[in-house]
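Structure record follows, encoded as structure tokens.
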Amino acid sequence: MAKKECIRNIGVIAHIDHGKTTLADSLLAGAGLLSPRMAGTARVLDYLEEEQKRKITIKTANIILLYNTQSEPYLINLVDTPGHVDFTGKTTRALRAIDGAVVVVDAVEEIMAQTEILTRQAIEERVCPVLFINKIDRLITELQLDEESIQKKLGHIINSFNDLIEIYAETPFKNQWKISATAGNVAFGAALYGWGFTADMAKRQALKFSDIITACKSGMSTKLMTTLPVYDAIFEMVIRSVPNPREAQGYRIQKIWNGNINSPMGEALRGCSDEAPTVMTITNTSSDGNGGILATGRVFSGRIKKGDRLYRVDASVESEVKIVYVDMGALHEEVEEVAAGNLATLVFAEKVGAGETLVDLVHKDGMVPFECINYVSEPVVTLAVEPKNPQDIETLQRGLDRLVFEDPNLKAAIDKETGEYLLSGMGELHLEVAVNELRSTLGIDVVVSSPRVVYVECIQKSGVAAFAKSPNKQSYFQVKVESRLEYEAAAEKKSVVLVMDEYHNILIDVEGKTTQLSKEMLEAVKSGFKYACTAGPLCGEPIHQLRVSLIDFEFAPGADISEIEHAVGKAVFGSFLTADPTLQEPVYKISLSTTSDLVAESSRILNSRRGRVSQFEQKDHLTQITGYIPVAETFGFSKELRSATSGKAIWQSMFDHWEKLPPKLAQETISEIRKRKGLPREVPKPERFMER
């Protein structure tokens, strides 16, 4: 761990079913932890019962591997990540801890939507990408392509991957990270059969591509596994092309850390020194089953050992490290200490959240946390959850709190109108897995509603300056709402930003008067704003992309906190209802592959559900359809498409954007939601909240 030059921190990322977990098995075999003949079927890093049953990766799994080269051993910290779009958030967090990403691409399907999304995320985190083109055997045995056609197809995949780097990489890395067979940062193979190679490996073995084709056609895959083991190809590529932790932190810290890069702390982080101040960022948390919290992440500088007291910058509290582990898949191996540049799992008695920054106590003053992790998707599907036995309400609350703590991409809330417990996630599968975990960990029977879509309330023009008084009439507020989407960001920077919430609503102090307020009063103003935005006046759905300008206010002496919160909320609602409010719905981007004869039927089904096709692309015998579909129209879509195509269509969808509902549909949806929540049929008038 102390020899930084011989450490590589890598993750394996891919579109679902492109062979990511199979490849991870092969890498374990290469490190002597698994029989090569079990690779591809063992799914060692998919150790959860739910993962084994569904044959998909649901969580990230870390394992530390030792790979011996002819010159010296290398320490490989490997992170296996989910490929399904509903669990993309876990991959996003894992990227913060690694320096290189092995991007796995199916040779037949080529680069898919999820491949692009994950690669873009890696590049934006300054994680160096390398490419493994998997399932080469399918080109030979299934598609029966000749050598020239195979070479052409592989060249197209490489060029497409380089296009992604050209689009998303920052200028210094555009050329540095481009891949080619001769550069050694692309490998080819069939992970399921255990063989793979780089150009250098093939050259050393005096093998031509025609030899690979002949071996596949004659059923000699086992021979290829012996002469060209896929783990050698991947490890050689990673050691050659992925930077060690010290090299990577030299350019990554500036991107992922908020502090001054030239300060002593900035120098320490860039230097990845064991003797520097201890700094760690947490990427994943879970319960250890004994009341403790397992916090997994990366040590960026210093050393961490049992008994250390670390300062949690985001929470502003101290916590003691009870145990230090390195991960071995489902198991944890206790160690004396973990040094800079390595991944570790710490045990704490208190809750430590994903995304937190830890620093030693000596350097806690002025320590700047790491950048917030930006997710590419949002929770857009909701379930109402309740226990069959009312006595289990408190147990359910604890279970929901635990789910949300361990998975920041889940949201739990109580509908203040209906009293329902709501659980929101990325999609139906995400919620299904969460509910199953709720049942298994709590041991209680819960009843869930049919999935619902999360809508957001928005405005279509600027509102009036609304004046509202507190219930006791002794304090007042005046605010004006505008759409953030239409407002200049530069103008925002000139004002005092008081708070921004999770739906990108922002509260602005135009005149800077809040500087005169006590901390308690200022928090009351912020709380009133947040409360108003949590459930808007149209139908109690969250408000989205709102800019609220605080124009004027006056507090009565000794004003009550709840009175202030109430007045702020009334003023926001009053101005909001004068701004032509409406609903926005979440829209998925969908990528659908099918045979040419089923393109018309697939497009018809998409269009019948208010979807639209944006692009057709021919990929050998398959046509890839790219388009958009409202989330509300996806319930039952899977069953209809499978039935119409006899299961020949495969697809993946992911949240892309919010879009205004057509006026008539917006009215119908608002009425339906208000009825479900037990609200009065009519949307309230602005005058209900405003006073002169």
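The values are calculated or read from the model by the stated rules, or taken from the named source; none is laboratory data. All values reported here derive from a predicted model rather than from experimental measurement. Reconstructed Cβ throughout: ideal geometry from the backbone, glycine too, with neighbour counts over all protein chains shown.
Quick grid of which residues meet (1) closer than 22 Å to residue 286 by Cβ; (2) surrounded by fewer than 14 Cβ atoms within 10 Å (Cβ to Cβ); (3) β-branched (Val, Ile, Thr):
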site	(1), (2), (3)
399	yes, no, no
415	no, no, no
422	no, no, no
428	no, no, no
438	yes, no, no
445	no, yes, no
448	no, no, yes
454	no, no, yes
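Just a yes or no: is a residue in region 95-109 over 23 Å from residue 250 (Cα atoms), assigned to a helix (DSSP H, G or I) and touching a residue at least 40 places away in the same chain (Cβ under 8 Å)?
No, region 95-109 contains no residue that is over 23 Å from residue 250 (Cα atoms), assigned to a helix (DSSP H, G or I) and touching a residue at least 40 places away in the same chain (Cβ under 8 Å).
Just for region 620-656: of the residues that are of a type in the set (Val, Ile, Thr) and under 19 Å from residue 114 (Cα atoms), which one is surrounded by the most Cβ atoms within 10 Å (Cβ to Cβ)?
So the first thing to find is which residues in region 620-656 are of a type in the set (Val, Ile, Thr), and the list is 623, 625-626, 629, 631, 634, 645, 650.
From the residues that got through so far, the ones that are under 19 Å from residue 114 (Cα atoms) too are 623, 625-626, 629, 631, 634, 650.
Working: 623: 19, 625: 21, 626: 14, 629: 24, 631: 22, 634: 20, 650: 18.
It comes out as 629.
Suppose we keep only residues that are of a type in the set (S, T, N, Q) and closer than 13 Å to residue 134 by Cβ within region 3-60. Which one would you say is modelled with the highest pLDDT?
22
Out of (1) surrounded by fewer than 20 Cβ atoms within 10 Å (Cβ to Cβ); (2) in contact with a Pro (Cβ under 8 Å, 6 or more places away or on another chain), the odd one out for residue 588 is which?
Result: residue 588 fails condition (1) only.
Have a look at 304, 323, 282, 256 and point out the one that is out of contact with any Cys (no Cβ under 7 Å at 6 or more places or on another chain), hydrophobic (A, V, I, L, M, F, W, C), surrounded by fewer than 21 Cβ atoms within 10 Å (Cβ to Cβ) and within 25 Å of residue 127 (Cβ to Cβ). Steps first, answer last, please.
Working: 304 fails: surrounded by fewer than 21 Cβ atoms within 10 Å (Cβ to Cβ); 323 fails: within 25 Å of residue 127 (Cβ to Cβ); 282 fails: surrounded by fewer than 21 Cβ atoms within 10 Å (Cβ to Cβ).
It is 256.
For the condition over 21 Å from the mean Cα position of the chain (by Cα) and either over 17 Å from residue 397 (Cα atoms) or modelled with pLDDT of 85 or more (or both), what is the one hit in 496, 433, 454?
The match here is 496.
So, restricting to helices (runs of 4 or more DSSP H) that lie completely within region 140-213, which ones have at least 3 residues that are assigned by TED's automatic domain parsing to the domain that holds residue 224, free of Cβ contacts under 8 Å to residues at least 40 places away in the same chain and not aromatic (Phe, Trp, Tyr)?
Per the criteria, 147-168, 199-204.
Which residue, of 633, 585, is within 30 Å of residue 542 (Cβ to Cβ), of a type in the set (D, E, K, R) and touching a strand residue (DSSP E or B) at 6+ places or on another chain (Cβ under 8 Å)?
Residue meeting the stated conditions: 585.
So, in region 581-616, of the ones that are out of contact with any Leu (no Cβ under 8 Å at 6 or more places or on another chain) and basic (Lys, Arg), which residue ends up modelled with the lowest pLDDT?
Within region 581-616, the match that is modelled with the lowest pLDDT is 589.
Is it the case that some residue within region 342-351 is in contact with a Phe, Trp or Tyr (Cβ under 6 Å, 6 or more places away or on another chain), aliphatic (A, V, I, L, M) and surrounded by 22 or more Cβ atoms within 10 Å (Cβ to Cβ)?
no
Please verify whether residue 635 is of a type outside the set (Ser, Thr, Tyr), touching an Asp or Glu at 6+ places or on another chain (Cβ under 6 Å) and either assigned to a helix (DSSP H, G or I) or on the phi < 0 side of the Ramachandran plot (or both), treating the condition exactly as stated. If you could, list the steps in order and put the result at the bottom.
Details: of a type outside the set (Ser, Thr, Tyr): yes; touching an Asp or Glu at 6+ places or on another chain (Cβ under 6 Å): no; either assigned to a helix (DSSP H, G or I) or on the phi < 0 side of the Ramachandran plot (or both): yes.
The answer is no for residue 635.
Which residue pairs have Cβ atoms under 6 Å apart, sit 6 or more places apart or on different chains, and have a first residue in region 258-276 that is under 24 Å from residue 355 (Cβ atoms) and a second that is among the polar types (S, T, N, Q) and part of a loop (DSSP other than H, G, I, E, B)?
266/260
Quick check, is residue 237 in contact with a Ser or Thr (Cβ under 6 Å, 6 or more places away or on another chain), among the aliphatic types (A, V, I, L, M) and either at pLDDT 90 or above or under 19 Å from residue 19 (Cβ atoms) (or both)?
So residue 237 passes the test.
From the list 159, 68, 134, which residue is surrounded by fewer than 20 Cβ atoms within 10 Å (Cβ to Cβ) and under 29 Å from residue 6 (Cα atoms)?
Numbers: 159 fails: under 29 Å from residue 6 (Cα atoms); 134 fails: surrounded by fewer than 20 Cβ atoms within 10 Å (Cβ to Cβ).
Going through 159, 68, 134 in turn, the sole match is 68.
Would you confirm whether any residue within region 657-673 is closer than 24 Å to residue 89 by Cβ, touching a residue at least 60 places away in the same chain (Cβ under 8 Å), in contact with a helix residue (DSSP H, G or I) (Cβ under 9 Å, 6 or more places away or on another chain) and crowded, with 19+ Cβ neighbours inside 10 Å?
No, region 657-673 contains no residue that is closer than 24 Å to residue 89 by Cβ, touching a residue at least 60 places away in the same chain (Cβ under 8 Å), in contact with a helix residue (DSSP H, G or I) (Cβ under 9 Å, 6 or more places away or on another chain) and crowded, with 19+ Cβ neighbours inside 10 Å.
Just one of (1) touching a strand residue (DSSP E or B) at 6+ places or on another chain (Cβ under 9 Å); (2) assigned to a loop (DSSP other than H, G, I, E, B) trips up residue 590, so point out which.
Going through the list (1) touching a strand residue (DSSP E or B) at 6+ places or on another chain (Cβ under 9 Å); (2) assigned to a loop (DSSP other than H, G, I, E, B), residue 590 breaks only (2).
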